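Undergrad: Take a look at this one; I'll ask things after.
Please treat every number below as a calculation from the coordinates, not as lab data. From a predicted model like this one, the values you see are computed outputs, not experimental measurements. As a convention, Cβ positions derive from the backbone with ideal geometry for all residues, glycine included, and neighbour counts pool all protein chains shown.
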Amino acid sequence: MKFRLISGSYHSVEPESDPSLKEAKIVIELYGRDDKGRSITVLYHRFRPYFYVVDLTEDERGALEKDPEVVEMEEVELEVKGVKRRATKVYLQHPFKVPQYRDRLQDGEGFRVLAADIPYIFRFLYDLDLGSTIEAEGVVLGGKAVDGSPAGDGVARFNTDIVLYADSLKDTRPFEVPLKVLSFDIENFLKRRFIATVGWSVAELPLGGVEGIRKGSIEDDDQRALLKKFRDFIIEEDPDVITGYNIDGYDLEYLYDSVKEFFTSKVERDHVLGWSRDFSPLSKRGYRNWKLHGRVIADAWWNMKRELKPKVETLNYVSQMLFGEGKEEVDPLKIEELWEKERERVISYCIKDSELALRILDYTDVLRKYTDIANVAKLPLEDALNGTTSVLIDS
């Protein structure tokens, strides 16, 4: 089965949850679209995290052999700055522990540690020589789930059309698949935390025309119910890409903070923010930096800014410049007042904003551009689109 790689992640299955295991099993999750246009999760577990230590002493080797986190060690020969050196390849149970061991051995003990700075998913792709399109062989576990299970590797963990447990993976010639994109916009009150409506537009990009866009909205005066409805809508639509105009800087932040305010339980918050393809919650990695497993967040404003560099960056100006049409005439400072008197007008205004953002993202052609870059760099689309130049060069 061939698929285009959109993003990658992993989870661990611990011996406590599976008594048949002697050590943690790391399951790599590769998310994408297959060559028939179906969303897919490919699972693979035959790759353990590791790093190298140059000229490891016998005392330190003995200490590592007794360390329960260390799974295996093997002696290898590496070329370091043009000189062949004796090195020890150290396999660990958990990828996130690699930097901790690097710091202890390198900074604390003075050893030279290699291959310990490479993110686990990149290390996996490099070592197996995989690129942005992959052919997988294995067992199909089943179809799409709408809610995740807390443990195990079964189909209930993933919100994709296909879940495949791979026995083998290999690089394949690049091919194109349309990507399903969800654009959304929120309208909220200013004096109190209240989301009046979430307008949405959905289409496959590249667009064949505006007639290919489905549009709608979500409302509920009960804010907890509205937030749950939006989460369920994302899971039902299963988009590859989520966009909107300045969602990185405003809409996602407002939704994220609303969930924190209206849901006191962490379990509830994680469920309502569980927009990912593995149902894990939306996570904030820094300013304007958001992460969803299996989906790409591609802010239409940011991509328009870096591709088109307009003199004015407002949605109305850019839409007029590109399409000869702008936003509907509603004063955003009077949303609360209008919501009481002309609710349908606010909803129409919100839906229009989501549609314009979708069309702007399509116009920039960044998904096609960074798909091509992903082909060359041999990386997932997410990392080609949102990663740094150094990530592309390293790959």
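Undergrad: So I have (i) 78, 42, 42; (ii) 74, 56, 34; (iii) 75, 58, 51, and one of them is Cα extents along the principal axes in Å calculated from this model. Which one is it?
TA: Looking at Cα extents along the principal axes in Å for this model, the match is (i).
Undergrad: Can you tell me the relative contact order of the chain? Whole percent, Cα pairs under 8 Å, sequence separation 6 or more. The partial results should precede the final answer.
TA: Working: 771 pairs, mean separation 64.7, N = 395.
Relative contact order of the chain: 16 percent.
Undergrad: Quick one: grab the alpha carbon gyration tensor of the stretch 158-214, order the square roots of its eigenvalues as a ≥ b ≥ c, and give me rounded if a/c is under 1.5, else prolate or oblate depending on whether a/b is larger than b/c. Don't skip to the end; give the middle numbers.
TA: Working: a/c = 3.89, a/b = 1.88, b/c = 2.06.
It is oblate, given that a/c is not under 1.5 and a/b is not larger than b/c.
Undergrad: Order these peptides, 188-201, 318-331, by their mean beta-carbon neighbour count within 10 angstrom, highest first. Let's see the in-between values first.
TA: Details: 188-201: 18.0, 318-331: 14.6.
Highest mean packing first, the order is 188-201, 318-331.
Undergrad: Decide, for the stretch 179-364, between rounded, prolate and oblate: order the square roots of the alpha carbon gyration tensor eigenvalues as a ≥ b ≥ c, take rounded if a/c falls under 1.5, and otherwise choose prolate if a/b is larger than b/c, else oblate. Each step should come with its number before you reach the end.
TA: Numbers: a/c = 1.61, a/b = 1.18, b/c = 1.36.
Oblate is the answer for the stretch 179-364, as a/c is 1.5 or above yet b/c matches or exceeds a/b.
Undergrad: May I pose another question? Please go through the stretch 30-92 and write out the trypsin sites (Lys or Arg not before Pro) that DSSP classes as loop and that have at most 14 other C-beta atoms within 10 Å. Don't skip to the answer; put the middle values down first.
TA: On the way: sites: R33, K36, R38, R46, R61, K66, K81, K84, R85, R86, K89; in loops: K36, R38, R46, K66, K81.
Answer in residue order: K36, R46, K66, K81.
Undergrad: Working from Cα positions, state the angle (0 to 90°, nearest 10) between the long axis of helix 366-377 and the longest principal axis of the chain.
TA: The angle comes out near 10 degrees.
Undergrad: What's the FRET efficiency of R85 with D35 using the Cβ-Cβ distance as r and R₀ = 35 Å, to the nearest 0.05?
TA: On the way: r = 44 Å, r/R0 = 1.26.
With R0 = 35 Å, the Cβ-Cβ based efficiency is 0.20.
Undergrad: Anything over 18 Å Cα to Cα? Flag those among K22/K66; K144/K170; K36/K144, in the order listed.
TA: Values: K22/K66 15 Å; K144/K170 25 Å; K36/K144 16 Å.
Listed pairs above 18 Å: K144/K170.
Undergrad: Taking the Cα centre of the stretch 179-364 as origin, work out the dipole magnitude from +1 charges on Lys and Arg Cβ and -1 charges on Asp and Glu Cβ, in debye rounded to 20. Could you put the intermediate results ahead of the total?
TA: Working: 30 positive and 36 negative charges, 145 e Å.
With only Lys, Arg, Asp and Glu charged at Cβ, the dipole is about 700 debye.
Undergrad: Sequence gap of 8 or more, or different chains, plus Cα separation below 22 Å: how many lysine pairs satisfy both in the stretch 292-359? Display every interim value, and only then the final one.
TA: On the way: K305/K327; K305/K352; K309/K327; K311/K327; K327/K341; K327/K352; K334/K352; K341/K352.
Lysine pairs, 8 or more places apart or on different chains, close enough: 8.
Undergrad: With charges only on Cβ, +1 for K and R and -1 for D and E, what is the dipole size of the chain about its Cα centre, in debye, rounded to 20?
TA: On the way: 58 positive and 74 negative charges, 101 e Å.
Charge dipole, the chain, about its Cα centre: 480 debye, nearest 20.
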